[in-house]
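The values are calculated or read from the model by the stated rules, or taken from the named source; none is laboratory data. Every value quoted in this text rests on a predicted model; they were computed, and no experiment measured them. Cβ placement follows ideal geometry from the backbone for every residue including glycine, while neighbour counts extend to all protein chains displayed.
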Amino acid sequence: MPASLLLIVILVLPFIGALIAAGLPRHARTSAAVLSWIVALISVTCLAVLWPRFQDGEVLKQQIDWLPSLGVNLIIRLDGLSWLFSALILGIGALVVLYARYYMSPKDPVPRFFSFLLAFMGAMQGVVLSGNLIQMVVFWELTSLFSFLLIGYWHQNAAARDGARMALSITATGGVALLVGMILIGRIAGSYELDAVVAARDVILADPLYPVALALILAAALTKSAQFPFHIWLPRAMAAPTPVSAYLHSATMVKAGVFLLMRFWPIFGETEMWYFIVGGAGLTTLLLGAWCAIFQHDLKGLLAYSTISHLGLICLLLGLGSDLGAIAAIFHTVNHATFKASLFMAAGIIDHEAGSRDMRKLSGLIRYMPITATLAMVAAAAMAGVPLLNGFLSKEMFLAEALASAQNKSLNQALPVLATLASAFSVLYSLRFIHNTFFGPPPTKLDRIPHEPPAWMRRPVEVLVALCLVVGVFPAVTVGPFLRSAAVSMLGFDLPYYSLSVWHGFNLPLLLGVIAMAGGIALYVVFGRALNANPRGGPWGMKRLNGGYLFERSMALLLRVSETVQSRLGTRRLQPQLRVIVLTALLAGGAAATTGFVIVWPEFRPPQPHNLAFAALWLVGGVCAVAAAWQAKYHRLAAVALMSGAGLASCLTFVWLSAPDLALTQLVVEVVTTVLLLLGLRWLPKRLEEINVPEREQRRARWRRRLDRLIAVAAGAGVAVLSWTVMVRPPVEGLSRFFVERAYSDAGGRNVVNVILVDFRAFDTFGEITVLGVVGLTVLALLRRFRPASDSLTQPMQKRVQDESDRLREGRTEGDTLKDTMMIPGVVMRWMFPFIILLAVHLFLRGHDLPGGGFAAGVALSIAFILQYMVSGARWVEERLAIRPILWIGVGLMLAALSGAGSWLFGHPFLTTYFQYTDLPLLGRVPLATAVLFDLGVVILVVGATVLILVALAHQSLRKARVDEAAAGAAAVESSEAGEPS
């Protein structure tokens, strides 16, 4: 298989697996796990096949044109560094999938969990494989989104919701900073391609905007890798399921920030700004995380703060600006991922089988689960830096680099002491983890008797612990080639000398390691009992550092400010909001016209002869518009009908001006919007004159209406003048001629309007239908939370309403409320259903050459469905037609995307179309264009979104009608019981 195809498989396969897993049944736990395992295994195999290419520092690239005119292309780039990170993502991901199969409860929607996990795996792969800066930002933000879904998977838990919100708030803010920083770097370097940016190092460092770009990029890296002061989100994220913690917070998400620092190290690694920001944040985080970890009682809390500390160690090594420090950072990144993932899994096993993670309740577990205890002790020893384990090797390299840096820079004089202190703290909390959990008397405060987990649940921990041992004993053979390949990708072939031997003789780094080991043991002997007795579970006097105190205070302050602003400026009524929007647009247009930015008055042209029929048409349309505004005060149904008259005048105007496509689209949209307004009339509030309102309020309302009339007249006049100006000015040659001349030769269509929508500007259309789908889903979500007015009834009345509603439901169908208002018999509308479908198909098939197209066909098809709802009722339609509008939205968007992505297979940019003449039986020689598939996706999505909105409104209107009828019936019953005439 070609290497380029393997790269695409590695990147795309996790997303495909996520989509498949999302469609599995709720309780298909095993099927989802097997699917995820197969996806991870295939990806790992493809990655392993590519490994021999990187032994000599080769870089594999696969470029897919996206927006070549703007220099934005999809570039999949794999070198030694990205190969190593990809191996961590996929390898540990495969182990987490196996572990999660036994950890997750069958009562949970486990396929959704695996869908989120695979999507996150794909997003992380996108970050490390991106060869384009903007592409990297997109995948970076996807990691924040999918981590939010994973952390908040148990959304019924308030702690999970809060942790997910905090993680998304902090990391997504860093993502925005990263986007701005990448744009600046790309503008300075003249390219967004990673290789070109690295080659432009001198140009970037000489630019005056480089400090701003660097600060923004470092803000993103520090937020994602939980560095001080952004470390607060990581402990709160421990409310996620343990497989999430083992994957996101040891090998993937927190390592995305580290990977970003390594990617930009060749450019900024030796600058003073990098040294102070990255080195300072790393040193502070190293000490702070280790200090906080000492006081934790929760196993995952201890591991979370130790993760923060080790991430600080890696950032400190990168911030020192030396080549050996960068190599040590790469090495410790791999080591930390292995022992920390195994420790998180062991903590999850203890919680799963013992029912608690509180070390004050856990003791003597080695008697009940000896294998798990042995595995956890070995992993904790690796975290503490015990010899013959992988953590010892990278810790020794860290201490050696701390000593070397102290000789080069004056600010690093205290670094060896601080590094030794942090190492002693790591020994202390690792020893506390081992001793409090596995040794001592048998536990007496647990709700169950601990026992070993299923064998396959323990296998991932065994594999990772075995790697800790093998790498610790044979580092040069096991991890040496991979470390060298990654170092070459980051530093070039001229690498400094470094040794991966287990024994380097008696030297100063070894002495510091021994001091740290002895100091950690001594600290635990002296303070261990006091740590266990601390009831707060946090460092003494440091409450504000243990997981989000400042964040919560900041969020509370922002909430108070927003509530104040909303109370002063906001309103729950739609009319004032529309007033502000229209007035703002009017003022902006007036300012542009008066300051000369827009030339409003056209050049003088001789008066043209006018057509009285056209003038009469617009006179009728204007009368309808004014009458609709007037009738809205008295009769809203009449206002809706008059608005339709004004819309029909617009349709005829488009026909008059030789724009049949616009006329057809306007006509079908008028039908849909009229139905939409009819369904929404029930929810409009009563006018002030219809309810008991003081005269003063009515006078204020009359003045507001007068102001609204003035704004409406001014805005309408402004739009009229602008439209007249555009129509009477001489046409601009060039742009329209380009589309007219190339519509048939380049896209195979004679309908220029449709060709522009599905070919020349197809990317704009793709964005518009995406927005339409989002709007449909948003309307559904809002209406699901909305309840009829019965919620405000008293409890006894609610009981009577329910009884009356049940009685009505027995005698009336769900569609009777609207059916009673229909002037046309339902059987006629059912007969028209297939003819409307044929009309929609006709509009779709002719759209590429004649007036029609996907949007008009989709709206026409949705009219057919909504009419059946109106005349037959929702129950009748849904039982016979089985409409699933949400599925239609997804299928339509996917089909449009796949039809555009298909051009990549032939080396063309996204949404590039192709057409040719083909001989078909009975039809002869006909043109076939791939744009038809894109247009079909538009049809399906438009139908799904439109039907979803209208059906949601229809259901709400029917529900309110039933409640109103039930309330009236209950009131009648109450009146008859009181002896009053109903």
If you go through region 323-371 one residue at a time, how many are part of a helix (DSSP H, G or I) and either among the charged types (D, E, K, R) or surrounded by fewer than 21 Cβ atoms within 10 Å (Cβ to Cβ) (or both)?
10
Find the residue count for region 227-249, including only residues that are outside any helix (DSSP H, G or I) and either aliphatic (A, V, I, L, M) or within 21 Å of the chain's Cα centre (by Cα) (or both).
5
Does Val198 meet the test of being within 14 Å of the chain's Cα centre (by Cα), surrounded by fewer than 23 Cβ atoms within 10 Å (Cβ to Cβ) and within 21 Å of Gly269 (Cα to Cα)?
no
Of everything in region 312-366, what is without any contact (Cβ under 8 Å) to a residue 60 or more places away in the chain and over 25 Å from Phe482 (Cα atoms)? Give them in sequence order.
Arg357
Filtered residue count, region 125-150, keeping only those that are within 14 Å of Val254 (Cβ to Cβ) and either among the charged types (D, E, K, R) or within 13 Å of the chain's Cα centre (by Cα) (or both)
5
Going through (1) farther than 30 Å from Ala240 by Cα; (2) crowded, with 16+ Cβ neighbours inside 10 Å; (3) in contact with a Phe, Trp or Tyr (Cβ under 7 Å, 6 or more places away or on another chain) one by one, Ile92 fails only at (1)
Condition first: modelled with pLDDT under 70 and assigned to a helix (DSSP H, G or I). Now tell me which residues in region 505-549 satisfy that.
Lys543, Arg544, Leu545, Tyr549
Looking only at region 276-292, decide whether some residue is under 22 Å from Val198 (Cα atoms) and among the aliphatic types (A, V, I, L, M).
yes
Which of the numbered conditions does Arg750 fail, given that it passes all the others? Conditions: (1) in a helix (DSSP H, G or I); (2) surrounded by fewer than 16 Cβ atoms within 10 Å (Cβ to Cβ).
(1)
On the basis of being among the hydroxyl-bearing types (Ser, Thr, Tyr) and either in contact (Cβ under 8 Å) with a residue 40 or more places away in the chain or touching a helix residue (DSSP H, G or I) at 6+ places or on another chain (Cβ under 6 Å) (or both), does Ser130 make the cut?
yes
Free of Cβ contacts under 8 Å to residues at least 40 places away in the same chain and either more than 27 Å from Leu24 (Cβ to Cβ) or surrounded by 18 or more Cβ atoms within 10 Å (Cβ to Cβ) (or both), is that true of Ala123?
yes
The condition of being under 25 Å from Gly186 (Cα atoms), assigned to a strand (DSSP E or B) and hydrophobic (A, V, I, L, M, F, W, C) holds, among Ile134, Ile64, only for Ile64
Residue selected from region 466-504 under the condition under 39 Å from the mean Cα position of the chain (by Cα) and in a loop (DSSP other than H, G, I, E, B), by the criterion surrounded by the most Cβ atoms within 10 Å (Cβ to Cβ):
Val479
Selected residue (criterion: modelled with the lowest pLDDT) from residues of region 62-74 that are of a type in the set (A, V, I, L, M) and surrounded by fewer than 21 Cβ atoms within 10 Å (Cβ to Cβ)
Leu70
Scope region 95-118; condition surrounded by fewer than 20 Cβ atoms within 10 Å (Cβ to Cβ) and of a type in the set (S, T, N, Q); matching residues
Ser105
Tabulated pairs, region 247-259, first surrounded by fewer than 24 Cβ atoms within 10 Å (Cβ to Cβ), second modelled with pLDDT under 90 and not in a helix (DSSP H, G or I), C-beta under 7 angstrom, 6+ apart or interchain
none
